[in-house]
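Since the structure comes first, as C-alpha coordinates, the remarks are kept for the end.
The values are calculated or read from the model by the stated rules, or taken from the named source; none is laboratory data. Just so it is clear, the structure is predicted and the values come from calculations on it, not from any experiment. So basically every Cβ, Gly included, is an ideal-geometry build from the backbone, and we count neighbours across all protein chains shown. Each accessible area value is taken on the protein alone, full model and side chains, heavy atoms only, with ligands, DNA and RNA left out. Shrake-Rupley method; radii C 1.70, N 1.55, O 1.52, S 1.80 Å.
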Amino acid sequence: MKKFNRTSFLNTHRDAWVEVNLDCIEHNILEFKKYLKPDTKLFAVVKADAYGHGAVMIAPVLLASGVDFLGVSSIDEGLQLREAEIKAPILVLGAVPVWSFDRAAKNNISISVFSDEHIEACKQTYDKLKIKPKVHVKIDTGMNRIGVRPQKAADFIKKIQSCDFIELEGIFTHFATAEVESYAYKQYEKFKSVIDSVDTTGLLVHCNNTAGTVCYKDFDNDMVRVGIGIYGLQPDLTVGTQKPDLNPAMSLKGRITNIHTAQKDEGVSYCHTFETTKETKIATIPIGYADGVFRGLSNKICGIINGKKVKQIGNITMDQMMFDITDCNAHEGDVITLIGKDGNESIAIDEWAQILGTIHYELTCALRVRLPRVYTR
(Lines give C-alpha, C1' and ligand atoms only; values in the text may rest on other atoms or scores of the structure.)
Protein backbone atom coordinates (compact mmCIF):
# COMPACT_ATOMS: atom_id res chain seq x y z
CA MET A 1 0.00 0.00 0.00
CA LYS A 2 1.29 3.42 -0.94
CA LYS A 3 2.27 5.59 2.02
CA PHE A 4 0.00 8.60 2.46
CA ASN A 5 2.29 11.62 2.17
CA ARG A 6 1.51 15.18 1.10
CA THR A 7 4.99 16.60 1.66
CA SER A 8 5.79 18.81 -1.33
CA PHE A 9 7.53 21.96 -2.51
CA LEU A 10 4.47 23.99 -1.56
CA ASN A 11 4.72 26.48 1.27
CA THR A 12 1.00 26.25 1.94
CA HIS A 13 -1.40 24.49 4.21
CA ARG A 14 -3.88 23.81 1.41
CA ASP A 15 -3.98 20.78 -0.85
CA ALA A 16 -4.84 23.06 -3.78
CA TRP A 17 -2.86 25.65 -5.71
CA VAL A 18 -2.34 27.60 -8.93
CA GLU A 19 0.98 26.87 -10.58
CA VAL A 20 2.61 29.47 -12.86
CA ASN A 21 5.50 28.52 -15.13
CA LEU A 22 7.77 31.54 -15.54
CA ASP A 23 9.58 30.00 -18.51
CA CYS A 24 6.27 30.20 -20.38
CA ILE A 25 5.94 33.90 -19.57
CA GLU A 26 9.43 34.58 -20.92
CA HIS A 27 8.75 32.55 -24.05
CA ASN A 28 5.53 34.45 -24.75
CA ILE A 29 7.22 37.84 -24.39
CA LEU A 30 9.87 36.82 -26.92
CA GLU A 31 7.15 35.59 -29.25
CA PHE A 32 5.37 38.96 -29.23
CA LYS A 33 8.61 40.80 -29.77
CA LYS A 34 8.77 39.11 -33.18
CA TYR A 35 5.76 41.22 -34.24
CA LEU A 36 7.34 44.54 -33.24
CA LYS A 37 9.50 47.01 -35.08
CA PRO A 38 12.89 47.52 -33.38
CA ASP A 39 11.92 50.85 -31.81
CA THR A 40 8.41 49.86 -30.65
CA LYS A 41 7.98 49.58 -26.88
CA LEU A 42 6.20 46.64 -25.27
CA PHE A 43 3.55 47.40 -22.66
CA ALA A 44 2.50 44.43 -20.48
CA VAL A 45 -0.96 44.50 -18.92
CA VAL A 46 -0.80 43.18 -15.35
CA LYS A 47 -4.21 44.34 -14.14
CA ALA A 48 -6.46 42.01 -12.13
CA ASP A 49 -3.35 40.61 -10.42
CA ALA A 50 -1.83 39.79 -13.82
CA TYR A 51 -5.03 38.04 -14.92
CA GLY A 52 -4.85 35.85 -11.84
CA HIS A 53 -1.17 34.94 -12.27
CA GLY A 54 0.18 37.25 -9.53
CA ALA A 55 1.34 40.70 -10.61
CA VAL A 56 4.07 41.22 -8.00
CA MET A 57 5.80 37.96 -8.93
CA ILE A 58 5.22 38.27 -12.67
CA ALA A 59 6.34 41.90 -13.11
CA PRO A 60 10.10 41.35 -12.55
CA VAL A 61 10.06 38.48 -15.05
CA LEU A 62 8.31 40.66 -17.61
CA LEU A 63 10.79 43.49 -17.15
CA ALA A 64 13.78 41.15 -17.35
CA SER A 65 12.32 39.78 -20.60
CA GLY A 66 12.25 43.21 -22.24
CA VAL A 67 8.93 44.79 -21.25
CA ASP A 68 9.08 48.60 -21.08
CA PHE A 69 5.80 49.60 -19.41
CA LEU A 70 3.25 48.01 -17.07
CA GLY A 71 -0.52 48.53 -17.16
CA VAL A 72 -2.90 48.30 -14.20
CA SER A 73 -6.57 49.07 -13.68
CA SER A 74 -6.40 51.19 -10.51
CA ILE A 75 -4.09 53.26 -8.34
CA ASP A 76 -4.19 50.51 -5.71
CA GLU A 77 -2.82 47.98 -8.21
CA GLY A 78 -0.05 50.41 -9.11
CA LEU A 79 0.79 51.02 -5.46
CA GLN A 80 1.04 47.29 -4.85
CA LEU A 81 3.76 47.12 -7.50
CA ARG A 82 5.55 50.17 -6.10
CA GLU A 83 5.49 48.66 -2.61
CA ALA A 84 7.16 45.60 -4.12
CA GLU A 85 9.90 47.97 -5.39
CA ILE A 86 8.86 47.72 -9.03
CA LYS A 87 10.31 50.92 -10.46
CA ALA A 88 9.23 50.54 -14.11
CA PRO A 89 6.75 53.00 -15.70
CA ILE A 90 3.15 52.17 -14.75
CA LEU A 91 -0.06 53.42 -16.38
CA VAL A 92 -3.53 53.13 -14.86
CA LEU A 93 -5.68 52.18 -17.84
CA GLY A 94 -9.00 52.83 -16.11
CA ALA A 95 -10.63 55.98 -14.79
CA VAL A 96 -8.87 57.34 -11.71
CA PRO A 97 -10.82 59.26 -8.99
CA VAL A 98 -9.64 62.85 -8.91
CA TRP A 99 -9.00 62.64 -5.17
CA SER A 100 -6.31 60.01 -5.79
CA PHE A 101 -4.27 62.02 -8.31
CA ASP A 102 -1.95 63.01 -5.43
CA ARG A 103 -1.10 59.37 -4.67
CA ALA A 104 -0.40 58.71 -8.32
CA ALA A 105 1.95 61.68 -8.62
CA LYS A 106 3.79 60.86 -5.38
CA ASN A 107 4.41 57.32 -6.57
CA ASN A 108 5.29 58.12 -10.19
CA ILE A 109 2.20 56.35 -11.56
CA SER A 110 0.82 57.64 -14.85
CA ILE A 111 -2.94 58.12 -15.17
CA SER A 112 -5.49 58.17 -17.98
CA VAL A 113 -7.22 61.52 -18.48
CA PHE A 114 -10.13 62.56 -20.67
CA SER A 115 -12.02 65.45 -19.05
CA ASP A 116 -11.60 69.05 -17.90
CA GLU A 117 -12.15 67.82 -14.35
CA HIS A 118 -9.00 65.75 -14.74
CA ILE A 119 -7.03 68.79 -15.89
CA GLU A 120 -8.20 70.76 -12.86
CA ALA A 121 -7.26 67.85 -10.56
CA CYS A 122 -3.78 67.81 -12.11
CA LYS A 123 -3.43 71.53 -11.38
CA GLN A 124 -4.46 71.06 -7.77
CA THR A 125 -2.00 68.19 -7.42
CA TYR A 126 0.83 70.29 -8.85
CA ASP A 127 -0.03 73.29 -6.66
CA LYS A 128 0.04 71.03 -3.61
CA LEU A 129 3.05 68.80 -4.34
CA LYS A 130 5.02 70.65 -7.02
CA ILE A 131 4.99 67.36 -8.96
CA LYS A 132 3.63 67.27 -12.49
CA PRO A 133 1.19 64.36 -12.85
CA LYS A 134 2.13 62.07 -15.75
CA VAL A 135 -0.85 61.46 -18.03
CA HIS A 136 -1.96 59.59 -21.13
CA VAL A 137 -4.98 60.96 -22.97
CA LYS A 138 -7.57 58.24 -23.58
CA ILE A 139 -9.59 58.62 -26.80
CA ASP A 140 -12.87 56.74 -27.13
CA THR A 141 -12.97 55.62 -30.77
CA GLY A 142 -15.76 53.08 -30.40
CA MET A 143 -15.54 51.19 -27.11
CA ASN A 144 -18.06 53.58 -25.52
CA ARG A 145 -16.56 53.04 -22.10
CA ILE A 146 -14.24 55.90 -21.08
CA GLY A 147 -12.33 58.52 -23.03
CA VAL A 148 -12.70 61.80 -24.85
CA ARG A 149 -14.62 61.56 -28.13
CA PRO A 150 -12.54 61.92 -31.33
CA GLN A 151 -14.22 65.17 -32.41
CA LYS A 152 -13.11 66.82 -29.16
CA ALA A 153 -9.84 64.98 -28.67
CA ALA A 154 -7.46 67.23 -30.61
CA ASP A 155 -8.56 70.36 -28.74
CA PHE A 156 -8.34 68.47 -25.43
CA ILE A 157 -4.80 67.29 -26.17
CA LYS A 158 -3.69 70.79 -27.20
CA LYS A 159 -5.19 72.15 -23.99
CA ILE A 160 -3.15 69.71 -21.94
CA GLN A 161 -0.02 70.51 -23.93
CA SER A 162 -0.49 74.17 -22.98
CA CYS A 163 -0.55 73.32 -19.26
CA ASP A 164 2.82 73.71 -17.55
CA PHE A 165 1.59 71.64 -14.59
CA ILE A 166 1.03 68.40 -16.53
CA GLU A 167 3.52 66.00 -18.12
CA LEU A 168 1.79 64.54 -21.17
CA GLU A 169 3.36 61.14 -21.71
CA GLY A 170 1.12 59.47 -24.27
CA ILE A 171 -2.12 59.20 -26.26
CA PHE A 172 -4.06 55.97 -26.70
CA THR A 173 -7.28 54.22 -27.60
CA HIS A 174 -8.64 50.71 -27.16
CA PHE A 175 -10.14 48.41 -29.80
CA ALA A 176 -13.59 47.03 -29.06
CA THR A 177 -13.38 44.24 -31.65
CA ALA A 178 -9.79 43.84 -32.78
CA GLU A 179 -10.73 40.49 -34.30
CA VAL A 180 -13.08 42.22 -36.78
CA GLU A 181 -10.77 43.85 -39.32
CA SER A 182 -13.29 46.28 -40.80
CA TYR A 183 -14.24 47.72 -37.42
CA ALA A 184 -10.67 47.82 -36.14
CA TYR A 185 -9.71 49.91 -39.19
CA LYS A 186 -12.63 52.28 -38.55
CA GLN A 187 -11.46 52.82 -35.00
CA TYR A 188 -7.88 53.26 -36.11
CA GLU A 189 -8.87 55.84 -38.73
CA LYS A 190 -10.64 57.88 -36.05
CA PHE A 191 -7.59 57.59 -33.79
CA LYS A 192 -5.17 58.46 -36.59
CA SER A 193 -7.18 61.53 -37.57
CA VAL A 194 -6.65 62.90 -34.07
CA ILE A 195 -2.97 61.94 -33.92
CA ASP A 196 -2.31 63.61 -37.28
CA SER A 197 -3.80 66.88 -36.05
CA VAL A 198 -1.62 67.28 -32.95
CA ASP A 199 2.10 67.39 -32.19
CA THR A 200 3.11 63.94 -30.94
CA THR A 201 6.83 64.62 -30.66
CA GLY A 202 8.19 62.71 -27.68
CA LEU A 203 4.83 61.06 -26.90
CA LEU A 204 3.92 57.39 -26.72
CA VAL A 205 1.11 56.71 -29.20
CA HIS A 206 -0.50 53.31 -28.62
CA CYS A 207 -3.63 51.46 -29.74
CA ASN A 208 -2.85 47.79 -30.44
CA ASN A 209 -3.87 45.23 -27.84
CA THR A 210 -2.87 41.53 -27.94
CA ALA A 211 -4.92 40.72 -31.05
CA GLY A 212 -4.05 44.03 -32.70
CA THR A 213 -0.33 43.43 -32.20
CA VAL A 214 -0.60 40.19 -34.17
CA CYS A 215 -3.09 41.35 -36.82
CA TYR A 216 -2.26 44.99 -37.61
CA LYS A 217 1.45 45.53 -38.06
CA ASP A 218 0.68 48.46 -40.38
CA PHE A 219 -0.84 50.53 -37.57
CA ASP A 220 1.58 53.20 -36.38
CA ASN A 221 2.48 52.57 -32.75
CA ASP A 222 5.25 53.78 -30.48
CA MET A 223 4.10 51.08 -28.09
CA VAL A 224 1.78 48.03 -28.10
CA ARG A 225 -0.22 46.75 -25.12
CA VAL A 226 -0.21 42.99 -24.72
CA GLY A 227 -2.44 41.39 -22.10
CA ILE A 228 -3.83 37.87 -22.20
CA GLY A 229 -1.24 36.71 -24.73
CA ILE A 230 1.57 37.23 -22.22
CA TYR A 231 0.08 34.46 -20.13
CA GLY A 232 -0.11 32.06 -23.06
CA LEU A 233 -3.79 32.32 -23.95
CA GLN A 234 -4.67 32.99 -27.57
CA PRO A 235 -6.52 36.20 -28.48
CA ASP A 236 -9.40 36.29 -30.93
CA LEU A 237 -7.76 36.78 -34.31
CA THR A 238 -8.80 37.81 -37.80
CA VAL A 239 -9.62 34.81 -39.96
CA GLY A 240 -6.49 33.72 -41.79
CA THR A 241 -4.08 35.30 -39.30
CA GLN A 242 -1.43 32.88 -38.09
CA LYS A 243 -1.60 32.43 -34.34
CA PRO A 244 1.49 33.22 -32.29
CA ASP A 245 3.26 30.28 -30.66
CA LEU A 246 2.17 30.75 -27.06
CA ASN A 247 2.62 28.53 -24.00
CA PRO A 248 -0.09 28.73 -21.29
CA ALA A 249 1.63 29.58 -18.01
CA MET A 250 -1.14 28.64 -15.56
CA SER A 251 -2.07 25.27 -14.14
CA LEU A 252 -4.61 24.43 -11.42
CA LYS A 253 -3.97 21.44 -9.20
CA GLY A 254 -5.29 19.76 -6.08
CA ARG A 255 -4.33 16.76 -3.96
CA ILE A 256 -6.77 13.95 -3.22
CA THR A 257 -7.91 14.29 0.39
CA ASN A 258 -10.25 11.30 0.48
CA ILE A 259 -11.04 8.16 -1.50
CA HIS A 260 -14.06 5.98 -0.86
CA THR A 261 -16.34 3.58 -2.73
CA ALA A 262 -20.01 4.27 -3.46
CA GLN A 263 -22.41 1.50 -4.36
CA LYS A 264 -24.66 1.37 -7.44
CA ASP A 265 -27.55 3.88 -7.49
CA GLU A 266 -26.04 6.26 -4.94
CA GLY A 267 -26.17 10.03 -5.46
CA VAL A 268 -23.10 12.26 -5.31
CA SER A 269 -22.95 15.78 -3.85
CA TYR A 270 -25.77 18.30 -3.40
CA CYS A 271 -29.04 17.57 -5.23
CA HIS A 272 -27.65 14.24 -6.46
CA THR A 273 -27.12 15.55 -10.01
CA PHE A 274 -24.92 12.49 -10.54
CA GLU A 275 -25.96 8.96 -9.63
CA THR A 276 -23.70 5.93 -9.81
CA THR A 277 -24.61 3.12 -12.22
CA LYS A 278 -22.13 0.68 -10.71
CA GLU A 279 -19.75 0.40 -7.77
CA THR A 280 -17.73 3.62 -8.08
CA LYS A 281 -14.47 4.75 -6.51
CA ILE A 282 -14.69 8.47 -5.71
CA ALA A 283 -11.85 10.92 -5.01
CA THR A 284 -12.34 14.32 -3.37
CA ILE A 285 -10.08 17.37 -3.81
CA PRO A 286 -10.36 20.65 -1.84
CA ILE A 287 -11.25 23.02 -4.69
CA GLY A 288 -14.71 24.52 -5.21
CA TYR A 289 -16.65 27.47 -6.50
CA ALA A 290 -15.30 29.69 -3.71
CA ASP A 291 -11.94 29.19 -5.41
CA GLY A 292 -13.35 30.30 -8.77
CA VAL A 293 -14.25 26.93 -10.30
CA PHE A 294 -17.83 27.76 -11.13
CA ARG A 295 -20.71 25.49 -10.18
CA GLY A 296 -21.90 25.58 -13.80
CA LEU A 297 -18.99 23.30 -14.67
CA SER A 298 -20.42 20.48 -12.54
CA ASN A 299 -20.50 17.10 -14.29
CA LYS A 300 -18.99 18.69 -17.42
CA ILE A 301 -15.25 18.78 -16.81
CA CYS A 302 -12.42 16.34 -16.26
CA GLY A 303 -9.23 16.19 -14.27
CA ILE A 304 -5.99 14.37 -15.00
CA ILE A 305 -4.39 11.99 -12.55
CA ASN A 306 -1.20 10.11 -13.30
CA GLY A 307 -1.58 10.93 -16.99
CA LYS A 308 -5.19 9.68 -17.23
CA LYS A 309 -8.34 11.79 -17.58
CA VAL A 310 -11.06 11.27 -14.98
CA LYS A 311 -14.58 12.71 -14.93
CA GLN A 312 -15.73 15.21 -12.33
CA ILE A 313 -19.01 14.02 -10.79
CA GLY A 314 -21.75 15.69 -8.77
CA ASN A 315 -22.27 19.37 -8.10
CA ILE A 316 -19.11 21.33 -7.39
CA THR A 317 -19.48 22.58 -3.83
CA MET A 318 -18.09 25.71 -2.19
CA ASP A 319 -14.78 24.14 -1.20
CA GLN A 320 -14.63 20.65 -2.69
CA MET A 321 -15.40 18.52 -5.74
CA MET A 322 -15.42 14.83 -6.56
CA PHE A 323 -14.06 12.63 -9.37
CA ASP A 324 -14.77 9.13 -10.59
CA ILE A 325 -11.43 7.31 -10.29
CA THR A 326 -12.82 3.78 -10.61
CA ASP A 327 -10.45 2.94 -13.44
CA CYS A 328 -7.39 4.64 -11.93
CA ASN A 329 -4.64 3.44 -9.66
CA ALA A 330 -4.82 6.49 -7.39
CA HIS A 331 -4.12 7.16 -3.72
CA GLU A 332 -4.79 9.88 -1.19
CA GLY A 333 -2.19 12.61 -1.65
CA ASP A 334 -1.97 12.13 -5.42
CA VAL A 335 -2.38 15.26 -7.57
CA ILE A 336 -5.33 15.88 -9.86
CA THR A 337 -4.68 18.52 -12.53
CA LEU A 338 -7.76 20.56 -13.47
CA ILE A 339 -6.01 22.95 -15.87
CA GLY A 340 -2.68 22.15 -17.47
CA LYS A 341 -0.70 19.09 -18.53
CA ASP A 342 -0.02 15.71 -16.93
CA GLY A 343 1.81 13.20 -19.09
CA ASN A 344 0.32 13.14 -22.57
CA GLU A 345 -3.00 14.63 -21.46
CA SER A 346 -3.85 18.30 -21.13
CA ILE A 347 -6.86 20.47 -20.28
CA ALA A 348 -7.03 24.07 -21.50
CA ILE A 349 -9.00 26.75 -19.69
CA ASP A 350 -10.59 27.51 -23.06
CA GLU A 351 -12.53 24.24 -22.65
CA TRP A 352 -14.13 25.61 -19.48
CA ALA A 353 -14.86 28.91 -21.22
CA GLN A 354 -16.68 27.09 -24.01
CA ILE A 355 -18.82 25.16 -21.50
CA LEU A 356 -19.77 28.36 -19.67
CA GLY A 357 -20.21 30.52 -22.77
CA THR A 358 -17.59 33.02 -21.66
CA ILE A 359 -13.93 33.93 -22.34
CA HIS A 360 -10.73 32.60 -20.81
CA TYR A 361 -9.94 36.06 -19.38
CA GLU A 362 -12.86 35.79 -16.98
CA LEU A 363 -11.87 32.36 -15.73
CA THR A 364 -8.19 33.08 -15.01
CA CYS A 365 -9.20 36.25 -13.17
CA ALA A 366 -11.83 34.31 -11.22
CA LEU A 367 -9.35 31.97 -9.54
CA ARG A 368 -9.34 33.35 -6.01
CA VAL A 369 -6.37 34.56 -4.02
CA ARG A 370 -7.07 31.90 -1.40
CA LEU A 371 -5.51 29.49 -3.91
CA PRO A 372 -1.75 29.86 -3.30
CA ARG A 373 0.33 30.83 -6.33
CA VAL A 374 3.37 28.63 -6.85
CA TYR A 375 6.05 29.71 -9.37
CA THR A 376 8.11 27.18 -11.29
CA ARG A 377 10.69 27.00 -14.07
Notebook entry, point to check: Is there a residue in the stretch 342-362 that is farther than 24 Å from P235 by Cα, among the aliphatic types (A, V, I, L, M) and in contact with a strand residue (DSSP E or B) (Cβ under 9 Å, 6 or more places away or on another chain)?
Noted result: no
Among residues of the stretch 105-124 being surrounded by 24 or more Cβ atoms within 10 Å (Cβ to Cβ) and touching a helix residue (DSSP H, G or I) at 6+ places or on another chain (Cβ under 6 Å), the residue nearest to I157 (Cα to Cα) is I111
Exactly one of V239, V214 is modelled with pLDDT under 95, within 26 Å of the chain's Cα centre (by Cα), farther than 28 Å from L371 by Cβ and assigned to a helix (DSSP H, G or I), and that one is V214
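Looking for whichever is more than 26 Å from H13 (Cα to Cα), surrounded by 15 or more Cβ atoms within 10 Å (Cβ to Cβ) and not aromatic (F, W, Y) here; the options are A366, A330, A353. Which one fits?
Going through A366, A330, A353 in turn, the sole match is A353.
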When you scan the stretch 225-236, do you find a residue that is open to solvent by less than 20 Å² (accessible area, probe 1.4 Å), in a strand (DSSP E or B), closer than 26 Å to A353 by Cα and in contact with a Gly (Cβ under 7 Å, 6 or more places away or on another chain), even just one?
yes
Restricted to the stretch 186-211 and to residues being within 19 Å of T241 (Cβ to Cβ) and within 25 Å of the chain's Cα centre (by Cα), the residue surrounded by the most Cβ atoms within 10 Å (Cβ to Cβ) is N208
Note on the stretch 344-365: residues more than 19 Å from the chain's Cα centre (by Cα) and either of a type in the set (S, T, N, Q) or modelled with pLDDT under 95 (or both) are N344, S346
Residue pairs within 8 Å by beta carbon, gap of at least six or interchain, first lying in the stretch 234-263 and on the phi > 0 side of the Ramachandran plot, second surrounded by fewer than 20 Cβ atoms within 10 Å (Cβ to Cβ) and not in a strand (DSSP E or B), listed first then second, are none
